[in-house]
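So the structure is just underneath, and the comments pick up after that.
The values are calculated or read from the model by the stated rules, or taken from the named source; none is laboratory data. This one's a predicted model, so the numbers in the text were calculated from it and none came from an experiment. For the accessible areas, the whole protein counts, side chains as well, though only heavy atoms, and no ligand, DNA or RNA atoms are used. Shrake-Rupley method; radii C 1.70, N 1.55, O 1.52, S 1.80 Å.
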Amino acid sequence: MHSELDSYDRRILALLQEDASLSSAQIAEQVGLSQSPCWRRIQRMKEEGIIRGQVTLLDRKKIGLNTQIFAEIKLNAHGRSNFTEFTEAIRGFPEVLECYVLMGAVDFLLRIVAADIEAYERFFFEKLSLVPGIQEVNSIVALSEIKSTTSLPVLR
């Protein structure tokens, strides 16, 4: 069970989303708490699963992943009956950053990164198109990125 988030919790979360390397003392100073209560709040939010983890975010282009593709996947009837097999295969592809189950004309939306179109083509033919149950893949290449964030709007 999650406890209700108060304004201190929300400010702590906003700060951590922007810079997870901040110490509890630094966060406490910015939100107006002493270090111990601030640390306890952070620990509670970790225990409750509100804070799922801390990561280092990379600039994909600076490490050579210049192309971002959104792939709409439609499964055939057999593929829909083997949902677990499909999801396990997708989870095994490091090129797939996100996968969503959809309602509507397509079954899944994938966000995929690759060095370039040729690298995506190899991924498509050597991995994605070989996943059993796929009926159709519609690939959409993103030309540029207008907004990309991992920060949720926690401040109200």
Check which residues have an amide H placed less than 5 Å from residue 131's amide H, if you skip close sequence neighbours.
none
Taking Cα atoms of region 99-156, Rg/Rh with Kirkwood Rh, to two decimals?
1.05
Accessible surface of region 1-64, 1.4 Å probe, proportion on carbon and sulfur as whole %:
50 percent
Scalar couplings 3J(HN,Hα) for region 139-156 by Karplus 6.51 cos²θ - 1.76 cosθ + 1.60 (θ = phi - 60°), nearest whole Hz, x for Gly and Pro, are 9, 10, 8, 7, 7, 8, 10, 8, 8, 8, 9, 10, 7, 7, x, 8, 8, 10
Would you check region 1-153 for Lys pairs whose C-alpha atoms are within less than 25 Å, ignoring same-chain pairs closer than 8 in sequence, and give me the count?
5
Step through the residues of region 57-74 one at a time and calculate ³J(HN,Hα) from phi using the Karplus curve (6.51 cos²θ - 1.76 cosθ + 1.60, θ = phi - 60°), rounding each to whole Hz and writing x for Gly and Pro.
8, 10, 8, 4, 5, 6, 10, x, 9, 7, 10, 10, 10, 10, 10, 8, 10, 10
HN-Hα couplings for region 34-39 via Karplus (6.51, -1.76, 1.60; θ = phi - 60°), in whole Hz with x for Gly/Pro, come out as 7, 5, 4, x, 5, 4
Could you state the accessible area per residue of the chain in Å², with a 1.4 Å probe and every protein chain left in place?
68 Å²
Calculating Cα extents along the principal axes in Å from this structure picks out, from (1) 58, 37, 29; (2) 39, 28, 27; (3) 57, 37, 25, entry (3)
